[in-house]
Amino acid sequence: MSLVTVGTVAFDTIETPYGKAERCIGGAATYISLAASYFTKDINLVSVVGDDFPDAELKYMKKRGINLEGLDIKAGEKSFFWAGRYHDNMNQRDTISTELNVLADFNPKLPASYRDAKYLMLGNLTPAIQMKVIKQMKKRPKLIVMDTMNFWMDIAMPELKKVIKKVDVLTINDEEARQLSGEYSLVTAAKVIQKMGPRFLIIKKGEHGALLFEGEKMFYAPAMPLAKVFDPTGAGDTFAGGFIGYIAQTGKINFENMKRAVIYGSVMASFCVEEFSIARLKTLKKSEINKRVKEFSKLVKFDI
């Protein structure tokens, strides 16, 4: 089923305790689309880059079944760039540099072929851009999933809440859930946030897994224990891509299928962190995904 993904396509420079990668490929829409491509091939990307973005990487995306008709390539301009350094525990990072470049005046325009998509994944961007995309759809998609962050809560909370009211699934981390709701308990925070609009809420807890909420129902998915995490960049976006990709593949919008989608999202994120940038997503095989899904099920299986 057709899926529209909206977000950044960018360059990153990343430093972790395991090394450094200079000007590697990054961006929310990049990770989301590549992860989703392992489940569905009808993916329509919306983003903007400069003409400095490698043509080889664009060709690879097309090879993965990602439609780039909605990718605006600005001649003579530079792509969005972010540089960061992770601490030893990988849960903390310092932003070294952020260069908006083409993203500064990004005005998304959806091609006609995108506007009747069944699924919409709004990557982490300004609430104003997310709203523009929603308004360009011919009719309301079957499912709208939205990612956001504390930065927009700090500077654009009224606009953010307007977008949240229009989505079906909101994905945020535990600190963001507490900030958005004003509640410390994540169970209480979930109830407050669901009243803002979304039917489903996913609260990501990094290396401690993720929580899924729908009304009074709650599901906890652990994170795959890994010996080494080389690069956490893009893990949340890869989770989102695996999640929405699985939903688009199965077409079922219910709590039980959402639980499975959360597991598949967690599996994709666990592969993403094994190498820098999108390197692991490029070499991944469907058999590896299926094998790790089974390993995930063993983590939580028990008899009473």
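Since every read-out is calculated from the coordinates, none of them should be taken as a lab result. Because the structure is a prediction, the values reported are computed rather than measured. Here the Cβ is made from the backbone with ideal geometry for all residues, glycine too, and neighbour counts use every protein chain on show.
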Task: Hits in segment 50-89 - residues which are loosely packed, with under 15 Cβ neighbours inside 10 Å and among the basic types (Lys, Arg) - done: Lys59, Lys62, Lys63
- [ ] Count, please, the residues in segment 1-59 that happen to be hydroxyl-bearing (Ser, Thr, Tyr), in a strand (DSSP E or B) and in contact with a Phe, Trp or Tyr (Cβ under 7 Å, 6 or more places away or on another chain).
- [x] 1
TODO: Return the only residue of Met196, Met218 being of a type outside the set (Lys, Arg), part of a loop (DSSP other than H, G, I, E, B) and over 18 Å from the mean Cα position of the chain (by Cα).
DONE: Met196
Task: Counted residues, segment 208-234 - those being touching a residue at least 60 places away in the same chain (Cβ under 8 Å), surrounded by 17 or more Cβ atoms within 10 Å (Cβ to Cβ) and farther than 21 Å from Lys294 by Cβ - done: 6
TODO: Could you list all residues from segment 280-292 that are closer than 17 Å to Ser37 by Cα and either free of Cβ contacts under 8 Å to residues at least 24 places away in the same chain or among the β-branched types (Val, Ile, Thr) (or both)?
DONE: Arg280, Thr283, Lys285, Ser287, Glu288, Ile289, Asn290
Open item on the list: So, in segment 94-110, exactly how many residues are exposed (fewer than 10 other Cβ atoms within 10 Å of the Cβ) and touching a residue at least 60 places away in the same chain (Cβ under 8 Å)?
Closed with: 1
Task: Test: residue in segment 259-267 that is over 17 Å from the mean Cα position of the chain (by Cα) and of a type in the set (A, V, I, L, M, F, W, C) - done: no
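May I ask you to say which residue of Glu159, Glu176 is part of a helix (DSSP H, G or I), surrounded by 13 or more Cβ atoms within 10 Å (Cβ to Cβ), more than 18 Å from the chain's Cα centre (by Cα) and of a type outside the set (Val, Ile, Thr)?
Answer to the check: Glu159.
Does Lys191 meet the test of being surrounded by fewer than 24 Cβ atoms within 10 Å (Cβ to Cβ), over 27 Å from Gly84 (Cβ atoms) and not β-branched (Val, Ile, Thr)? Can you show your working first?
Numbers: surrounded by fewer than 24 Cβ atoms within 10 Å (Cβ to Cβ): yes; over 27 Å from Gly84 (Cβ atoms): yes; not β-branched (Val, Ile, Thr): yes.
In short, yes.
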Task: Every residue from segment 179-188 that is surrounded by fewer than 16 Cβ atoms within 10 Å (Cβ to Cβ) and either closer than 24 Å to Ile253 by Cα or of a type in the set (Ser, Thr, Tyr) (or both) - done: Tyr184, Ser185, Val187, Thr188
